Structure formats: structure tokens, C-alpha cells
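Just below is one structure, and these are the notes that go with it.
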Amino acid sequence: MTYQSKTIANIITDINSHYFLPGIQREFVWDKEQMIQLFDSVIRGYPIGSFLFWNTRGKFAEKQIKYEFVQHYITEGVYPDEFDDVRYRNAKVRDEFSTDLPNRLTLVLDGQQRLTTFYIGLKGSLTDRGYRKLRKKPESWTRKKLYINLLSDPSHITEDDRKLKYLLEFKPPDPSHSASEYWYPVGDILDVQSADERYALVDEIQDELEAAGVSPGAINRSYIEQNLNELWRSIHERDTINYYELDSKYNNNVLDIFIRANEGGTQLGKEEMLLSMATAKWSEGADPIDARKKITTLVDRLNGYDAQAGFDFDIGFILRNLLTASELSSKYDIQNFSDSNLQQMKDVFQDPEFEEALFDTLDLVDTYGLDGHAVSSTVSLIPIVYFFYNHDNIRLGWDAKDGRQTRTKLFYWLCSTLLKGVYHSAPYTLINSIRNDIREAPDGTFPLEELHSSLLSNGKSLTFIEEEVRDMVQKLNYGNKRVEVFLSLLYFPEPASQHETFEVDHIFPRSELSQENLIDNYGMEFARASRYDSLSDNILNLQFLTPKENSEKSDQSYKEWLNTRHESQIERHYIPRDDELYEITEFEQFLKEREDLIVDRLLQMSDEIEKQFGTEEGVTASSEAATD
């Protein structure tokens, strides 16, 4: 093992021509702040840790699974089809099509995040999505490059937590300049080779600022020179890349070395270790496959199943499901990742029914009207995936008794476990117990009763107590991830049907409850109006309506809208019967009385379900009784 040094400029030119990533490496995971802090450290001359490179040659090099570094990075895996030159994941090097690869290749075992950051910042771009913008709309995204403000004071340290000396930002092309800001593309420094070129560049910058209307006296030429010189030295002069090289004698120990080397920096998670080990193991034998490529592709397909649903699955979700479906412990324990267990996981992964179970689960969740925002814990889906994988003859049609029963049980299980947060502590110990119940159930039957018993033995429950429900309604507000789940249980079992879709509606329109409206049009004192305004998004002011009902209601006052409805709407939405409470001035009392009705409903449902557990009809009988 040898130790050497290089400048960033020297190594960056060989990225994706001489330097590649081995298949056991993880994806690029750094965010913008980490990238900016790395560049700030480098320009300041701070050490950034050593790198570990693995030299491979000839046929051995050709046989290795290799990936390219990401150059034009996009921050999410689901994006517009038109964006064909950006990458969220590393592209695989296909030797059969890469005739220009050198005989000797260097694979980066430790340092991928740092080298990728240099590659993006100096020769690439970063594309990110605007807040809550649609993933598949090109206008939702902005491509940016890394810039440094050459007019920032190089002796000043920012007062925020980052403590930056150099002001660096990812910005859209051609940012505007002023007397205090000149945003220079960091990558352009690669083309500046000499001191004379640097001096000439300072003159060009001064001319450009003057052309932009900045007076010569307002331009701090000294700042420009200091910032530009330090940037140039960090890229061209300092041997920042200090690295160890492994030769062929370490070939058989590379996986172990990789895992140990990556214990520092941004921690290599256990799921990433498992993926690395699977990639190494699955590539062996008569039927080799690239675990990293196959699994990350499946993750992207799941996230792209419905781009607007907002699911954000990761490799951990696939690996947890693989462990569960392979009848292995779903708890990550590196010592349990034996060759035989990895082979067992490979066999399950290649079983078409495994992938079908994943997409059947998404199909089911979609028919429930829940999305990635509502399903806040993807762990909650693992038992359902396992149910689909382990059972044949699953019927989910609402029009048949057994299909309605299964749909209802799955729905109640998913909503109640999400709402009660049963997976927040020791989730994978619980999954092992849940798996046993599902496996032993009659074919096509979801064993809700047995699962409830397993939860009770783990100190958890599928039913509710009064204090718990009252605490929820005080905390849940419009926009909270659990609002749709709570309403789904409140209107149970209607949302379980694939024939019904619902939207969240404000009973008293927010426009009526605005502080300004209450003061101006109702003469309400400030404190009370402010309180009403703050309560407008509380779940006690929310209901489920069909899209048609919601469109008809729009911003009508609740009293006006209710006059157009059948009186059954009052009971269906758990509305107090005192019509004096439908006046906007009685809003707070309306919420108090509706809270009691909602609490009574959920407690009644819990009592009925408790009584039905263990009977043939199960939760379906309870739901039918609740809606009669």
C-alpha cells in the first residue's frame, strides 16, 4: 500500500476516464450544504482526509462491476423525461461498449462523496426542485452551477452554524453583479493556468462590474484578488488529494477494507453495507447479477409508480422487504449477512412474485386514497408486501364478501398502525412477530385478530383510548402527514372501498376564519379573532367529501351549504345538531362539541373491534355495524 498526493486539477481531468467507482460503492448522498462546506474547507487549506484507491488491471479490471461518477446531478430520482443529461444515480460502465477504457483502472473505495462534489462543482451542475413543485414538470426544476462571491470579505466568517469564510452558492446561470457581489463560476478556474492569466482575469472582472453600472471606487479589487488567488491555489497548487493505493494483493479483501474505510465521514449505513455485500456476492457464480443496479432501478420504478404520490422509497425499503420475504431477521446485523443468507435473498429478488408484491401493495394503497405524504413510515408497508408475497388467492374486490373483508382488514391495519406509530420503537423485532402471524394464516386471509394479539404482547395496540384520541385532535392540523389517516379511520370503512375517493375539506372555510375577516365583518376582538384563525386548520374543522361534494361546497359558509344537504350529512360527518353552532361566531364551541362526537366514534369503533376480534366476521362486522 503506497501513499501519494495530487492536486484537484490533476485528478479531476481523469474522472470517468481513469477513476471509476466499484459496484460495492453506495450512491452519492451529500446535500448542497455538505458540498459547499467541502469547497470552503479546501479553499481555506484545511485537510479533508485521505482517500483510498484500488488499482486494477487487464481482465480483472474488465470483470469488475464499475460505475461512473455523477457529473450533472439531480437531487431526486423522479424527474421529467426530457432531462436526459442529468443523473440521480451513477451510470454503469458497460465494458462491452467502452472500447476506449485503459488497461489500468483505479476504483475509488473511500472518497466518492468528496470527488463527486469536486466533479459537480468544477465540471458539472446541480438540478433541484422548487418547494412542493410537481416532479414531472420541467418548470419545477432549476439547473445550477457552483459560484463563489469574489467580492465577499475574505477575513470575515459567517455568523451562522456553517462558519464559512468563502461565500459559495449553487445558482442559476449568469447571476447578476453589484458592488458587493460578483458571482464567479468556480469551474472556470480550471482554465486559469498562470499568474498572468489571474491578473488579466481580475481586470476583466473589474471591467464587467463597471459595465454593470458599479462605480470603480466601489469595487474592492483587493477582495477579488485574494478570493481568486486562494481559489486558484486550492485547485491548481495544493496537493489536496492525499491517497493510499491498493494493488492486486488486496483483491480478495477489498469488501472488508471498503466497509472499514467507510466507517468515517458520512457514515456508511448498514443497509449500504448490505447492498455492498450483496453486490459482491450476487456477481459471483453461474447466474451473476448486479445487485446495486437491479435494486436501485427497482427503487426508482417504485418512486416513479405515481410521480405525484410523493413516495420516497430507498434501498433500505427493498432490502428490508427482501430480508422479510427471505424469512431472515429483518434487523440489520452484519454478522448475519452470510453467503447463504445473501444467496437466499438473491433467490427471492429474482422471483417475479416479489416485485409483484411490491407493486400490488402500491396499487392497494393508491385505491385507499393514501399517498407518500400520508404513509409517513414505509416500514408500515412491509407486512402488506409480505402478505401479498406469501399468499395466493387474495381477493380484494369490494363487491364480494371475502374481498371486502380483506380490503377492510388491511385498511384498518395500515391506518391504525400509522396513526398510533407502532413502528416507532423496535420496528423490526415487531415485524418478525407479525411475519409469523401472516405466514401461518389460511391462504388469502389477513390475520388482523392474531396481529392485534402480537401487538399487545409487544405493549402496543390497534385500538384507542380517550386520552389518546383527544391528544391527537389537539395536535393534528391541515397539512400534517397523519390528517388523512385520521380521517380515513373516522369515516371507516368507506375509504377502504376502491369505489370511493375523498378530499379533505374545511367545514368552516378558511377565508371566513381569517383574522382580518372576523375583525372587519364580525367586529370580533383581536385575541378571539386570532384564536379562531389559528384553529381554522385543526382537524376538528376538517371533513372528507367526495370530489363532487367538495366542488359544490367551495367557499360557501357551512350553514348555507348544509341547507342544501340531506340531514344524514350531520351524522355522517359527526356534526353537532345544535344549528346555532353553525354561525361563525360559535366556531370554538362547534369544535368542542364535535371533538366529543369524534372521540365517542373512535372509542365506540375500538370497543366494537375489540369484541369482534376472534370472531369469523372480524373487523368487517364491526365496520358494517358502525355504518348501519
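The values are calculated or read from the model by the stated rules, or taken from the named source; none is laboratory data. This is a predicted model, so every value here is computed, not measured. Using ideal geometry, Cβ is built from the backbone for each residue, glycine included, and neighbour counts are taken over all protein chains shown. Just the protein is used for accessible areas: all its heavy atoms, side chains included, with ligands, DNA and RNA removed. Shrake-Rupley method; radii C 1.70, N 1.55, O 1.52, S 1.80 Å.
In summary, the aspartates and glutamates within cross-link reach of Lys553, defined as a Cα separation below 13 angstrom excluding same-chain residues under 8 places away, comprise Glu503, Asp505.
Tell me whether segment 381-437 comes out rounded, prolate or oblate; compute the Cα gyration tensor, take square roots of the eigenvalues as a ≥ b ≥ c, and use a/c under 1.5 as the rounded threshold. Because a/c hits 1.5 or more and a/b fails to exceed b/c, segment 381-437 counts as oblate. On the beta carbon distance between Arg577 and Gln34, with R0 = 45 Å, the FRET formula returns roughly 0.20. On the basis of the beta-carbon distance and an R0 of 60 Å, Phe359 and Ser215 show a calculated FRET efficiency of 0.40.
Relative contact order of segment 267-461, taken over Cα pairs closer than 8 Å and 6 or more residues apart, is 19 percent.
In this structure, Tyr478 and His566 have a Cβ-Cβ separation that, at R0 = 22 Å, corresponds to a calculated FRET efficiency of about 0.25. Which option, (1) 16, 36, 39, 9, 0; (2) 16, 38, 32, 13, 0; (3) 18, 43, 29, 10, 1, is the value of P(r) over Cα pairs in 20 Å bins from 0, in percent that was calculated from these coordinates? Among (1) 16, 36, 39, 9, 0; (2) 16, 38, 32, 13, 0; (3) 18, 43, 29, 10, 1, the one calculated here is (2). Straight Cα distances below 22 angstrom link Lys293 to the lysines Lys59, Lys63, Lys66, Lys92, Lys270, Lys281, Lys346, with same-chain residues fewer than 8 positions distant left out. Axis angle, to the nearest 10 degrees, between helix 195-211 and the longest C-alpha principal axis of the chain: 50 degrees. Extending 7 Å from the Cα toward the beta-carbon at both Ala286 and Ala91 defines two label points whose distance is 3.5 nm.
With all protein chains in place and a 1.4 Å probe, the accessible surface of segment 267-461 carries 44 percent carbon and sulfur. By DSSP, the beta bridges lying fully in segment 4-246 are antiparallel in about 70 percent of cases.
Bridge orientation summary for the chain: considering DSSP beta bridges with both residues in this region, about 75 percent are antiparallel.
Please state the relative contact order of the chain as a whole percent: Cα pairs under 8 Å, 6+ residues apart? Rounded, it is 11 percent for the chain.
The label point for Thr501 and the one for Val202, both projected 7 Å from the Cα toward the Cβ, are 6.4 nm apart. Computed over protein heavy atoms with a 1.4 Å probe, the accessible surface of segment 97-199 works out to 49 Å² per residue. Does anyone have the angle between helix 315-325 and the longest principal axis of the chain? Alpha-carbon axes, 0 to 90°, nearest 10? The angle comes out at about 60 degrees. Quick one: helix 112-123 against the long Cα principal axis of the chain, what's the angle to the nearest 10°, folded into 0 to 90? Around 70 degrees separate the two axes. Packing, as the average of other Cβ atoms within 10 Å across residues, places the peptides 400-411, 485-496 in the order 485-496, 400-411, highest first. In this structure the amide hydrogen of Phe51, modeled in the peptide plane, comes within under 5 Å of the amide hydrogens of Asn242, Tyr243, Tyr244, none closer than 5 places in sequence on its chain. Looking at segment 419-516, the GluC sites (Glu not before Pro) that sit in a DSSP loop and have at most 16 other Cβ atoms within 10 Å of their own Cβ are Glu500. Ellipticity at 222 nm from helices only: DSSP H runs of n ≥ 4 in the chain, each -39500 (n - 2.57), divided by the residue count, give -13500 deg cm²/dmol.
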